[in-house]
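Structure first, then comments.
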Amino acid sequence: MNALRDVDDDAATTVMDCAALPPQQRMSVAHSEPPRDTLVDTKCGPPSRWDRLCAFIGRKADTFLDALRERSLSSLLPPVPPYRSPRETRVSARTMLGDDRWELLLIELLRAPLHYQRTAREVITYAVDLRQLGDEVYTDGLVHFVLSRQREDADGTISIGRLRDALCDISFSGTLMPALRRLDEEGTIDLLPANGDVDRNTPSELRAPPARIRLRVLV
């Protein structure tokens, strides 16, 4: 027994490269993913046309409301004009100084009856279109509009003096009279002398100075 034990003790020890037991597989906690639900609801399909339409309308409504909240009416108006003393501020809207005249106009637009407010919108569009065509066309359109809003005298004409009062801030010889002559040449109005009618066969430089206006075409 002792001799056999001595032989075993002298034998070389063999080291195994592999472990005696298989390593345990461990799941990395840091990179683990939650379990996925592989069940698919067959009732859920792509959105319908009605759903897409509702979503589109909702987005447009939100954009519109955001625009209203971001831009107030005051942000679209010019600055309030500086204060002027009562001596500088005149009562008549035709002779009111500077921006005070247009501030009064903005207030009167809010106080105007509904049919005048709707009309004012059309007049503004008409004025903007005229300005885009140049100063001369704008002046002709302005004079034509004022004549269309004047009450005719008993003979069916409008005196040039009354037109000058309505457009008192416009130069008569430099702006108003040339516009009247252009309107007369295109047949929109007839420039008439103080008495009688006008002879179209007579050259314009030989005619009597015009004093009355017959409106042939409304604006």
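The values are calculated or read from the model by the stated rules, or taken from the named source; none is laboratory data. The structure displayed is predicted, hence computed values, not measured ones. Counting neighbours? That spans all protein chains shown, and the Cβs are built from the backbone with ideal geometry, glycine included.
Here are some notes:
- Listing of helices (runs of 4 or more DSSP H) fully contained in the range 105-179 that carry 1 or more residues being closer than 22 Å to Pro78 by Cβ and under 27 Å from the mean Cα position of the chain (by Cα): 114-131, 135-148
- Flag if Glu122 is over 30 Å from Gly196 (Cβ atoms), in contact with a Pro (Cβ under 9 Å, 6 or more places away or on another chain) and modelled with pLDDT of 95 or more: no
- Residue within the range 200-219 that is in contact with an Asp or Glu (Cβ under 6 Å, 6 or more places away or on another chain), free of Cβ contacts under 8 Å to residues at least 60 places away in the same chain, more than 26 Å from Glu108 (Cβ to Cβ) and not small (Gly, Ala, Ser) present: yes
- Pro178 vs. criteria over 30 Å from Ala120 (Cβ atoms) and out of contact with any Leu (no Cβ under 7 Å at 6 or more places or on another chain): no
- Per the listing Ala211, Ala194, the residue uniquely touching a Leu at 6+ places or on another chain (Cβ under 8 Å), surrounded by fewer than 16 Cβ atoms within 10 Å (Cβ to Cβ) and more than 30 Å from Glu122 (Cα to Cα) is Ala211.
- Taken as a whole, the range 159-174 holds at least one residue that is among the β-branched types (Val, Ile, Thr) and either in contact with a helix residue (DSSP H, G or I) (Cβ under 7 Å, 6 or more places away or on another chain) or at pLDDT 95 or above (or both).
- Leu183 being touching a residue at least 60 places away in the same chain (Cβ under 8 Å) and surrounded by 11 or more Cβ atoms within 10 Å (Cβ to Cβ): no
- Restricting the range 80-104 to residues that are within 22 Å of the chain's Cα centre (by Cα) and at pLDDT 85 or above, the residue that is surrounded by the fewest Cβ atoms within 10 Å (Cβ to Cβ): Trp102
- Residue pairs whose Cβ atoms lie under 9 Å apart, separated by 6 or more positions or on different chains, with the first residue in the range 117-143 and exposed (fewer than 10 other Cβ atoms within 10 Å of the Cβ) and the second part of a helix (DSSP H, G or I), are Gln132/Tyr138.
- Neighbours by Cβ (under 8 Å, 6+ apart or cross-chain): first from the range 155-166, more than 14 Å from Leu215 (Cα to Cα); second of a type outside the set (D, E, K, R) and assigned to a helix (DSSP H, G or I): Arg164/Phe172; Arg164/Leu176; Ala166/Val146
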